[in-house]
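First the structure, in the form of structure tokens, and then the observations on it.
Throughout, read-outs are computed from the coordinates displayed, never taken from laboratory work. It should be emphasised that the depicted structure is a prediction, and the values quoted were computed from it without experimental measurement. Glycine also receives a Cβ, built like all others from the backbone with ideal geometry; neighbour counts cover every protein chain displayed.
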Amino acid sequence: MTDEILLGELTTALSCQSGVKIHINCAEKISGGDINETYKLSTSDGTLFLKMNDAHIYPDMFLRELNGLNILRNTNAISVPRPLATGTVGDKGFLVTEFMEKGSVTPDFWENFGASLSRVHRQTQTYYGFQETNYIGTLKQYNTPYSSWPVFYAFNRLQPLTRAAYDQQVMDKAMVVQMEHLWKQLPGMFPDEKPALLHGDLWSGNFMVGKDGKACVYDPAVYYGNREMDLAMTRLFGGFDTRFYFSYQTMYPLAEGWQSRIGVCQLYPLMVHLLLFGGSYYNNVKEILDEF
């Protein structure tokens with residue numbers, strides 16, 4: 001990134017929002033995700049992390065992410081990068097956070113991670129949902145509040161993605177009928193439990209080992225939901241160590257029958273991947289629906 005005007009605008013925004021006069025000395029491009037350009041910033045206030053994307057395609061994405069990071073940080077339960085500034089420069093949206101240095105896994109890393117997530121999940125409110133629509137990946141995540149988890153899960157998660165998948169022709173009519181059949185069964189599946197603060201997109205690609213040897217999570221898609229959603233997602237895409245689950249279960253035991261609900265909870269992230277990547281995720285979704 002060599003555009004001096006862009007760097008100047010970033011410097012101004014960062015200084016204004018952080019309350020500290022900061023000068024960006026240089027920006028080193030580093031590997032990022034599918035849609036973001038990511039940089040390691042050397043500044044007068046230390047090393048920072050910058051990511052940018054197309055503000056027209058993903059409006060307010062980084063503002064929503066900043067809000068999610070702040071909510072998770074305010075729990076004081078788990079390590080989260082401190083967000084410093086967000087906004088637009090030209091046609092780019094940006095988010096600046098502290099730069100988290102990588103560390104080494106300690107012997108009790110997974111136990112600490114499980115315990116930390118259990119403390120996050122003890123944060124609650126009166127309804128399922130969130131104060132705003134945010135994103136999971138590049139898809140909008142709707143968070144209209146409901147007092148019932150099964151209703152929330154059907155109306156805000158499975159139904160919108162099913163419609164989109166059918167419209168994009170990555171889901172056929174027969175599978176739509178199967179999904180509708182599942183929606184009707186949701187009220188009898190989940191026991192009553194208080195809404196839990198969720199990371200919302202918790203998989204192996206969205207945490208790192210921090211310098212202190214503990215887990216640091218990022219790229220959240222926060223909302224208040226059933227805590228089994230976070231746990232079910234951690235079992236996808238490689239999964240977490242068994243010590244993580246043992247520690248979590250010791251600190252905050254899941255309701256009886258949670259094992260039978262893992263597939264239902266995994267439908268949402270698998271549907272997201274079906275829409276974004278297609279391919280084998282069709283079979284993953286169908287395999288779960290065939291059980292019902």
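Assuming R0 = 25 Å, what is the FRET efficiency of ASN25 and LYS211, from their Cβ-Cβ distance, to the nearest 0.05?
Using R0 = 25 Å, I get an efficiency of 0.70.
Mind pulling up the Rg/Rh value for segment 167-271? Radius of gyration and Kirkwood radius, both on Cα.
On the Cα set of segment 167-271, Rg over Rh gives 1.00.
As a test of the formula, what do you get for the chain when each DSSP H run with n ≥ 4 contributes -39,500 (n - 2.57) and the sum is divided by the residue count, at 222 nm and rounded to the nearest 500 deg cm²/dmol?
Theoretical 222 nm ellipticity from helices: -12000 deg cm²/dmol.
Please give the charge dipole size of segment 4-98, origin at the Cα centre, charges +1 on K and R Cβ atoms and -1 on D and E Cβ atoms. Round to the nearest 20 debye.
Its charge dipole is roughly 320 debye.
Would you tally the net charge around THR162, using a Cβ to Cβ cut-off of less than 14 Å, leaving THR162 out, and scoring K and R as +1, D and E as -1? Intermediate results must be reported in sequence, preceding the final value.
Details: positive: ARG157, ARG163, LYS173, LYS184, LYS286; negative: ASP167, ASP172, GLU180.
Once positives and negatives cancel, what remains is +2.
I'd like to compare 177-190, 150-163: which one has the highest average count of other Cβ atoms within 10 Å, and what's the full order after that?
150-163, 177-190
Count charges around TYR245 for me, please; just the other residues with Cβ under 11 Å from its Cβ, Lys/Arg as +1, Asp/Glu as -1.
Charge balance near TYR245 sits at 0.
Only four residue types carry charge here, +1 at the Cβ of Lys and Arg and -1 at the Cβ of Asp and Glu. Report the dipole size of the chain about the Cα centre in Debye, rounded to the nearest 20.
I would put it at about 460 debye.
Would segment 95-227 count as rounded, prolate or oblate if I go by the C-alpha gyration tensor, calling it rounded below 1.5 in a/c and otherwise prolate when a/b exceeds b/c, oblate otherwise?
Note, shape of segment 95-227 comes out prolate.
Using the eigenvalues of the Cα gyration tensor, what equivalent ellipsoid semi-axes result for segment 25-73 when each is taken as the square root of five times the eigenvalue, whole Å, largest first?
Working: eigenvalues 83, 51, 17 Å².
Listed largest to smallest, the semi-axes of segment 25-73 are 20, 16, 9 Å.
What's the local net charge at ALA77, with K and R +1, D and E -1, over the other residues with C-beta under 12 Å away?
+4
What's log10 of I(q)/I(0) for segment 235-286 at q = 0.17, 0.23 Å⁻¹, Debye sum over Cα points only, no solvent?
Each listed q corresponds, in turn, to -0.65, -0.92.
Distance from the Cα centre of segment 61-84 to that of segment 226-242, in angstrom?
For segment 61-84 versus segment 226-242, the Cα centre distance is 20 Å.
Report, in degrees rounded to the nearest 10, the 0 to 90 angle that the Cα long axis of helix 173-185 makes with the longest principal axis of the chain.
Roughly 80 degrees, rounded to the nearest 10.
Expressed in nm to one decimal, what extension gain is obtained for the pair ARG73 and SER280 from 0.36 nm per residue of sequence separation less their Cα-Cα distance?
Net length gain for the segment: 71.0 nm.
What is the distance in Å between the Cα centres of segment 167-198 and segment 90-155?
Answer, in whole Å: 20.
Just the Kirkwood number for the chain, please: inverse of mean 1/r across all distinct Cα pairs, in Å, one decimal.
20.2 Å
Expressed in whole Å with the largest first, what are the equivalent ellipsoid semi-axes of segment 4-98 derived from the C-alpha gyration tensor as the square root of 5 times each eigenvalue?
19, 17, 13
Could you work out how much longer the chain between GLN17 and ASP192 gets when fully extended? Use 0.36 nm per residue separation minus the Cα distance between them, nm to one decimal.
58.9 nm
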